[in-house]
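Only one structure is covered here, and it is reproduced in the block below.
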Amino acid sequence: MYEYIKGTVAEATPTYVVVECGGIGYYVNVTLNTYSRLAAGQDVLLYLHLIVREDAHLLYGFFTREERALFRQLISVSGIGANTAGVVLSSMTVDEVVNAIVTENVNAIKSVKGIGLKTAQRVIIELKDKVAGMGSGAVEFVPAGKSAVKEEALAALVMLGFVRGQASKVLDKLVASNPSQTVEELIKAALKQL
C-alpha cells in the first residue's frame, strides 16, 4: 500500500524512528542496520512495509529496497513474524543473511534470538532460490555519544523482548571488554550472547 516515506527524522532510536511529514509524525519500526544510517534532524527516505493487524497498523521502514525485500521474504516463512525478521536484520547485514541462506549456514541463522533449528532449516529451504541475487554492500555505522551507548543499547534490547536484567549484565561485560563500541556494535554483540 505504501511505497516509501520522505520527511525529517524527528526522533531516532535503535528500534524505531519518528518521521515528520507535513506536520504529522509517523512511528516507523526500523532495523539496527537502518538506524545506523539515520540521525535526528536528517531528511530521509525510508522504504516501507505495512502490516495490518486486528489491533494495529504497523509501519516498518528500511534504508534500502534490498533490506525491505529480504524482510518480506523472511516474513513469508512460516514461524517468522515481523519482530523476528527485524531481529534477523538487526543481527546481520543483508549480505550476511543472504550468504547464510545461500551457503546453507544453519548455525548462522539459528544464532538469532527466536529462531530454532527447524525454523532456520525452513528459511534455507524456502528462500535459497529467492534470495540468490540479493545483496547491497556493507553498511556504515554511525557512532553515538559514548555516555548514552549502553543505555541506548539496553533500551533497544528491552524493546526487542529481552529481559532488562539479563541484557544489562551482558552489556556490562561487553562494555568492559571494549568501551569504544558503537551502539550498533554493542547490540549486535549482545544479540549473539543472549
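None of the figures in this text is laboratory data; all of them are computed from the coordinates on show. Here the structure is a predicted model, which means the values were calculated and not measured. Please note: Cβ atoms are built from the backbone with ideal geometry, for glycine as well, and neighbour counts cover all protein chains shown.
Between Ser177 and Thr103, residue separation times 0.36 nm minus the direct Cα-Cα distance comes to 23.5 nm.
Using the structure shown, list the pairs from Lys128/Lys150; Lys130/Lys188; Lys128/Lys192; Lys110/Lys150; Lys6/Lys150; Lys130/Lys192 with a Cα-Cα distance above 32 Å, or answer none. Going by Cα-Cα distance, Lys128/Lys150 fall outside the 32 Å limit. May I ask you to list the residues of segment 59-78 whose amide nitrogen lies under 15 Å from a point 7 Å from Cα along the Cα→beta-carbon direction of Tyr27? Residues 59-61 qualify, since their backbone N sits under 15 Å from the label point.
Here the spin labels are modelled as points 7 Å beyond Cα on the Cα-Cβ line, and at Tyr4 and Lys110 they lie 4.0 nm apart.
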